[in-house]
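The values are calculated or read from the model by the stated rules, or taken from the named source; none is laboratory data. From a predicted model like this one, the values you see are computed outputs, not experimental measurements. Glycine also receives a Cβ, built like all others from the backbone with ideal geometry; neighbour counts cover every protein chain displayed.
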Amino acid sequence: MGIYFYPRGGSAHVCRSIARELGANNFEVTLLSGSRPDLGGEASAANFYAGLDVRPVEFAPAGSVPLHGSYEDRPGAPDPVLASLDDEEFERQVEAWTGPMAAAAAAGVDVLYLHHLTPLNEVAVRVLPEVPVVGHVHGTELLMLEQIEAGAPAGWKCAEAWAGRLRRWAAGCTRIVVNERKGLGRAAALLELEEDRFDCVPNGFDPIFSPGVVDRRSHWRRNLVADPRGWRPGDDPGSVSYADEDLAALDGVVLLAVGRFTEVKRLPLLIEAFARAEAKLDERAALVLIGGHPGEWEGEHPCETIARTGARHVFLAGWHGHEELPPFLRAGDLLVHASVREQFGQVLVEAMACGLPVIAVRRGGPATIVDDPQTGWLVEPDDVDALAGAIAASVADAGERRRRGEGAREKAVRMYSWAHIGRELAEIVRIAS
């Protein structure tokens with residue numbers, strides 16, 4: 001199994017879960033992964049994939065391998081958009097991974113499971129040309145293809161070459177896994193392949209995500225007052241902290257947002273919508289933002305949005321590891337997810353598994369995960385008034401929150417159990433091999 005990126009997003013969690021489930025279904029799995037041990041914590045593949053046979057490929061400065069590219073063009077980000085890399089830079093990426101893949105496969109390999117469409121696919125063609133490949137398209141590569149088709153930005157000097165590579169790599173896969181059925185046709189059209197080449201298998205949730213009781217006041221005091229991790233632009237974790245008297249709002253309805261501080265997550269819009277909703281409510285409510293990798297943000301930082309809008313009772317809890325999230329979800333009443341380009345929405349499934357209803361946009365993966373009015377509320381993307389209305393409606397009606405939360409838990413268990421999904425993926429891999 002190979003993943004080109006170091007652990008930092010949803011696809012890494014999916015990769016880890018699939019590796020574990022294939023192991024539980026009698027496969028011997030060796031995982032080749034990018035790694036940033038210089039960042040510490042979960043950015044280190046050895047830490048994140050502990051318990052698996054993982055072969056980290058360390059990016060500079062800790063290692064000699066050039067940092068991976070990205071499907072997104074984010075100003076100031078250290079990882080350049082792939083569509084900007086010329087042939088020489090592409091070859092440098094391929095050469096850097098050739099030795100590690102050959103070493104990982106030295107004992108013999110029956111099938112390759114490659115996450116995303118990346119230079120690892122090219123390495124596989126050159127190093128293991130006879131080995132069948134199962135590709136897993138997580139969706140971000142499709143967003144880059146769509147942007148190229150719509151007209152590549154000026155800096156994407158090699159866009160057409162990269163579009164051709166992604167399509168060639170996809171054509172070389174024996175099977176391609178996508179996460180949701182509504183996106184299968186889109187993937188087939190963008191990759192210029194017949195739909196019968198694809199298998200639709202949703203992502204699952206780790207069993208640690210389940211309903212439970214926590215002492216809310218103690219939880220929030222510990223994470224917002226005693227050991228804060230929120231941060232301001234240019235400052236360290238803990239530069240945003242709170243006093244005991246600030247926590248009164250958290251005795252009311254607690255809305256949670258989980259994720260990175262990237263532009264597609266629409267956090268400024270969410271904060272503004274919450275401020276509008278709160279102004280109309282009789283009930284006490286709070287919004288807690290969990291996430292934001294230290295020092296990483298795009299556009300307006302949440303602290304700046306709070307200052308601009310005058311939003312009250314919005315808390316920054318900072319970055320927490322995946323295994324730390326269940327108590328946070330149990331200390332909330334619902335998840336709000338304003339992201340407009342979500343291909344699946346792993347955190348939605350995890351929140352639902354904890355019994356939380358979800359407010360999300362009627363687009364992409366969230367529109368297939370959330371059923372309105374059975375498991376949550378769906379609103380049009382980038383509609384601040386609609387989002388404010390959904391927040392106000394959900395806060396004001398505890399019975400409806402409870403009903404939709406129960407439906408959310410039932411759907412998560414029925415459709416997104418990794419044990420069930422693992423058996424399905426194992427069959428796909430067996431057929432491919």
The correct count of residues that are of a type in the set (A, V, I, L, M), in contact (Cβ under 8 Å) with a residue 12 or more places away in the chain and part of a loop (DSSP other than H, G, I, E, B) in segment 78-106 is 2
Buried (at least 19 other Cβ atoms within 10 Å of the Cβ), part of a helix (DSSP H, G or I) and in contact (Cβ under 8 Å) with a residue 60 or more places away in the chain, is that true of L224? yes
Failed criterion for L190 (all others in (1) within 22 Å of the chain's Cα centre (by Cα); (2) of a type outside the set (S, T, Y); (3) in a loop (DSSP other than H, G, I, E, B); (4) modelled with pLDDT of 95 or more hold): (3)
Over segment 194-235, the set of residues among the polar types (S, T, N, Q) and at pLDDT below 95 is N203
Cβ pairs under 9 Å, 6+ apart, first in segment 368-386 and closer than 14 Å to G345 by Cα, second polar (S, T, N, Q) and part of a loop (DSSP other than H, G, I, E, B): T368/N179; I369/T375
Name the helices (runs of 4 or more DSSP H) wholly inside segment 311-387 in which the number of residues that are modelled with pLDDT of 95 or more and either farther than 15 Å from I208 by Cα or within 20 Å of the chain's Cα centre (by Cα) (or both) is 1 or more. 325-330, 346-353
Touching a residue at least 40 places away in the same chain (Cβ under 8 Å), charged (D, E, K, R) and over 30 Å from A154 (Cβ atoms): which single residue out of E42, E72 fits that description? E42
Tell me yes or no: at least one residue of segment 408-421 is small (G, A, S), surrounded by 16 or more Cβ atoms within 10 Å (Cβ to Cβ) and in a loop (DSSP other than H, G, I, E, B). no
Output yes when any residue across segment 262-275 is outside any helix (DSSP H, G or I) and in contact (Cβ under 8 Å) with a residue 24 or more places away in the chain, and no when none is. yes
Could you tell me whether L255 is closer than 26 Å to G9 by Cβ, assigned to a strand (DSSP E or B), among the hydrophobic types (A, V, I, L, M, F, W, C) and at pLDDT 95 or above? yes
Give R276, R284 a once-over and let me know the one that is touching a Gly at 6+ places or on another chain (Cβ under 7 Å) and closer than 28 Å to D385 by Cβ. R284
Some residue of segment 194-206 being farther than 17 Å from H138 by Cα, out of contact with any helix residue (DSSP H, G or I) (no Cβ under 8 Å at 6 or more places or on another chain), part of a helix (DSSP H, G or I) and not polar (S, T, N, Q): yes
Residue list for segment 138-174, restricted to those being of a type in the set (D, E, K, R) and either touching a His at 6+ places or on another chain (Cβ under 7 Å) or surrounded by fewer than 18 Cβ atoms within 10 Å (Cβ to Cβ) (or both): E141, E146, E149, K157, E160, R167, R168
Can you name every residue in segment 30-51 that is in a loop (DSSP other than H, G, I, E, B) and under 13 Å from H13 (Cβ atoms)? Y49
For L114, indicate whether it is in contact with a strand residue (DSSP E or B) (Cβ under 8 Å, 6 or more places away or on another chain), assigned to a helix (DSSP H, G or I) and either touching a residue at least 12 places away in the same chain (Cβ under 8 Å) or not assigned by TED's automatic domain parsing to the domain that holds V264 (or both). no
